[in-house]
Amino acid sequence: MTTRNGRASAGPHAVLPGSFDPPTNGHLDVIERASRCFGRVTVAVVVNPQKQRPMFSLEEREAMLKECTAQLKNVSVEHFRGLLAEYVNQVEADVIVKGLRAVSDFENEMSTALMNRSLSHVDTMFLMADQKYSFVSSSIVKEVFFLGGDVAALVPKPVLRIMTAKRAGLQRSKK
Ligand code: PNS
């Protein structure tokens, strides 16, 4: 952990879970904030998000996150299957970290945090992403991008590169 005066110090181990399908600048902002607050941050990619079949494979999502976080020395990228509560116990995390964009995110996150605490005794802490990312979600980025819109300001460069390759592949397979 780097303290405000720039000194390195050990600190709690945080798990930052998500689908990251794909990672956005909002995700990266929260990961950077967490890396300054905790000794060690494990970004944990869920293997099969419940919401929908992911557009990006687990390998692609992990590779994008690894490239985007390479400069953050206390951040690692892993994946998990099944219950988050079991995973945080398995890796002996001290805390789960989630990003919040708006008050509306909090409603769902509160019940999830209480459930995860009752299952694992690990608390969830919330970090606010920068307000300029308050409208940015993976779903909106995917929709706009695959309909031809410009998302360069919303995702990290390595993500844009992989998204562009995926779109080109999809267009080729449609021909
Ligand atoms: O980026 P997302 O899609 O908002 O992340 C959601 C995620 C992966 C954190 C959540 O779906 C999750 O924890 N899934 C693991 C399954 C689980 O533990 N479900 C019970 C939650 S109370």
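The values are calculated or read from the model by the stated rules, or taken from the named source; none is laboratory data. All of these numbers come straight from a predicted model, not from anything done at the bench. So basically every Cβ, Gly included, is an ideal-geometry build from the backbone, and we count neighbours across all protein chains shown. Side chains are part of the model used for accessible areas, which takes the heavy atoms of the whole protein and leaves out ligands, DNA and RNA. Shrake-Rupley method; radii C 1.70, N 1.55, O 1.52, S 1.80 Å.
Let's see how each residue does on (1) over 25 Å from residue 131 (Cβ atoms); (2) at pLDDT 95 or above; (3) of a type in the set (Phe, Trp, Tyr):
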| position | (1), (2), (3) |
| --- | --- |
| 6 | yes, no, no |
| 16 | no, yes, no |
| 19 | no, yes, no |
| 29 | no, yes, no |
| 35 | no, yes, no |
| 41 | no, yes, no |
| 67 | yes, yes, no |
Residue check for residue 104: more than 30 Å from residue 152 (Cα to Cα), within 16 Å of the ligand (Cβ to nearest atom), assigned to a helix (DSSP H, G or I) and open to solvent by 30 Å² or more (accessible area, probe 1.4 Å): no
Those residues of region 45-65 which are open to solvent by 100 Å² or more (accessible area, probe 1.4 Å) and at pLDDT 95 or above, in sequence order: 59
Tabulated pairs, region 5-19, first more than 23 Å from residue 109 (Cβ to Cβ), second within 16 Å of the ligand (Cβ to nearest atom) and modelled with pLDDT under 95, C-beta under 7 angstrom, 6+ apart or interchain: none
From 77, 97, residue being more than 11 Å from the ligand (Cβ to nearest atom) and assigned to a strand (DSSP E or B): 77
Selection within region 116-127 - open to solvent by 20 Å² or more (accessible area, probe 1.4 Å) and either of a type in the set (Lys, Arg) or at pLDDT 95 or above (or both): 117, 118, 119, 123, 124, 125, 126, 127
Within region 107-125, considering residues that are in a helix (DSSP H, G or I) and of a type in the set (Asp, Glu), the one nearest to residue 91 (Cα to Cα): 109
